[in-house]
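Colleague: Shown below is the structure under consideration.
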Amino acid sequence: MTAVDFELLFKLRLVVARHGEMDNARWWNTQQMLGRRGAAVLGRGLPKTHFFAQARVVFEVARNRCHEIFNPPGCMTLWNLPASLEERFQEHCQAWLDEPDKWATVFQKIATQSGTDLLGSLRDHGLIDEPQCAAVGRLRRSAENRAVPIPGTFQPDDDILAVMAAAFARGEPGALAIPYARLHDA
């Protein structure tokens, strides 16, 4: 399996997760959980790790919502990567719990994210580049409007993860479309 920058994956998931909340794109049923409201509620009981608790809640809601809408076999989505990669991602998340100060500014910037310009948000965070934006511009939703297929087969790497995150922009407010890529080994 190719190398994946787990910090990049975490940040991509954060931006897409915040974008999909009810006060933004209305894709999953969380209301400012990654915003100031979530920080205020969870910060009381979890003063040092509340950011990660907020992320875990929204990640799980997003994962479940995407799974309900479109779950293609032999494919990966931003929320459904190969099991070994997800396990390694969780190990990194556990280690980051000991570094709350390192992540505070990232979460604070995520909390202020609003609107419907996902590509702009990803660019503002330095998570996608122009070739990735151009690739997303060429993608189209499937006939039933539930998915955004990325042509070809892939191994998980930073580029395809960034394109899958950015391709959520092919959806519309209130109309989620799940970007997916076929796995090379599937």
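A short reminder: the numbers here are calculations on the coordinates, not readings from a lab. Just so it is clear, the structure is predicted and the values come from calculations on it, not from any experiment. Positions of Cβ are backbone-derived with ideal geometry, glycine not excepted, and every protein chain shown enters the neighbour counts.
Colleague: Kindly provide the set of residues from the stretch 141-157 that are without any contact (Cβ under 8 Å) to a residue 40 or more places away in the chain and out of contact with any Ser or Thr (no Cβ under 9 Å at 6 or more places or on another chain), ordered by number.
Modeller: 141, 142, 143, 144, 145, 150, 151, 152, 153
Colleague: Identify all residues within the stretch 97-106 that are assigned to a helix (DSSP H, G or I) and exposed (fewer than 14 other Cβ atoms within 10 Å of the Cβ); write none if there are none. I'd like the intermediate steps shown before the answer.
Modeller: Start the filter on the stretch 97-106 by keeping residues that are assigned to a helix (DSSP H, G or I), which leaves 100-106.
Of everything in the stretch 97-106, those that are assigned to a helix (DSSP H, G or I) and exposed (fewer than 14 other Cβ atoms within 10 Å of the Cβ) turn out to be 101, 102, 104, 105.
Colleague: Filter the stretch 69-89 for residues that are of a type in the set (S, T, N, Q) and surrounded by 11 or more Cβ atoms within 10 Å (Cβ to Cβ); which is farthest from residue 156 (Cα to Cα)?
Modeller: 71
Colleague: May I pose another question? How about the stretch 113-159: which of its residues are among the hydroxyl-bearing types (Ser, Thr, Tyr) and farther than 16 Å from residue 25 by Cβ?
Modeller: First, the residues of the stretch 113-159 that are among the hydroxyl-bearing types (Ser, Thr, Tyr): 114, 116, 121, 142, 153.
Listed by number, the residues that qualify are 142, 153.
Colleague: A further question on this structure: I'd like the full set of residues that are without any contact (Cβ under 8 Å) to a residue 60 or more places away in the chain, charged (D, E, K, R) and within 26 Å of residue 87 (Cβ to Cβ), limited to the stretch 158-179.
Modeller: 159 - this is the single residue of the stretch 158-179 that is without any contact (Cβ under 8 Å) to a residue 60 or more places away in the chain, charged (D, E, K, R) and within 26 Å of residue 87 (Cβ to Cβ).
Colleague: Contact list please: Cβ distance under 6 Å, first residue in the stretch 123-140 and without any contact (Cβ under 8 Å) to a residue 60 or more places away in the chain, second residue surrounded by 12 or more Cβ atoms within 10 Å (Cβ to Cβ) and not hydrophobic (A, V, I, L, M, F, W, C), pairs at least six apart or on different chains.
Modeller: 139/170
Colleague: So how many residues does the stretch 3-42 have that are under 21 Å from residue 163 (Cα atoms) and not in a loop (DSSP other than H, G, I, E, B)?
Modeller: 14
Colleague: Filter the stretch 1-29 for residues that are of a type in the set (Val, Ile, Thr) and buried (at least 23 other Cβ atoms within 10 Å of the Cβ); which is nearest to residue 63 (Cα to Cα)? It would help to see each step written out before you state the result.
Modeller: Kept after step one, since they are of a type in the set (Val, Ile, Thr), are these residues of the stretch 1-29: 2, 4, 15-16.
Add one more test, that the residue is buried (at least 23 other Cβ atoms within 10 Å of the Cβ), and what stays is 15-16.
On the way: 15: 14, 16: 11 Å.
Here the answer is 16.
Colleague: Working only within the stretch 80-96, note down all residues that are of a type in the set (A, V, I, L, M, F, W, C) and in a helix (DSSP H, G or I). It would help to see each step written out before you state the result.
Modeller: Residues of the stretch 80-96 that are of a type in the set (A, V, I, L, M, F, W, C), as a first pass: 81, 83, 85, 89, 93, 95-96.
Within the stretch 80-96, 83, 85, 89, 93, 95, 96 qualify.
Colleague: Looking only at the stretch 126-145, how many residues end up being buried (at least 16 other Cβ atoms within 10 Å of the Cβ) and in a loop (DSSP other than H, G, I, E, B)?
Modeller: Quick first cut of the stretch 126-145, residues buried (at least 16 other Cβ atoms within 10 Å of the Cβ) only: 127-128, 132-133, 135-136, 139, 141.
From what is left, the residues that are in a loop (DSSP other than H, G, I, E, B) are 127-128, 139, 141.
So the count comes out to 4.
Colleague: Inspect the stretch 163-178 for any residue being charged (D, E, K, R), at negative phi and under 15 Å from the mean Cα position of the chain (by Cα) and give the result as yes or no. It would help to see each step written out before you state the result.
Modeller: The first filter runs over the stretch 163-178 and keeps only residues charged (D, E, K, R), leaving 170, 172.
Next cut, at negative phi only: 170, 172.
Those left that are additionally under 15 Å from the mean Cα position of the chain (by Cα): 170.
Yes, some residue in the stretch 163-178 is charged (D, E, K, R), at negative phi and under 15 Å from the mean Cα position of the chain (by Cα).
Colleague: Give the residues of the stretch 48-104 that are among the hydroxyl-bearing types (Ser, Thr, Tyr) and more than 20 Å from residue 175 (Cα to Cα), sorted by residue number. I'd like the intermediate steps shown before the answer.
Modeller: In the first step, residues of the stretch 48-104 are kept if they are among the hydroxyl-bearing types (Ser, Thr, Tyr); the result is 49, 77, 84.
The answer is 49, 84.
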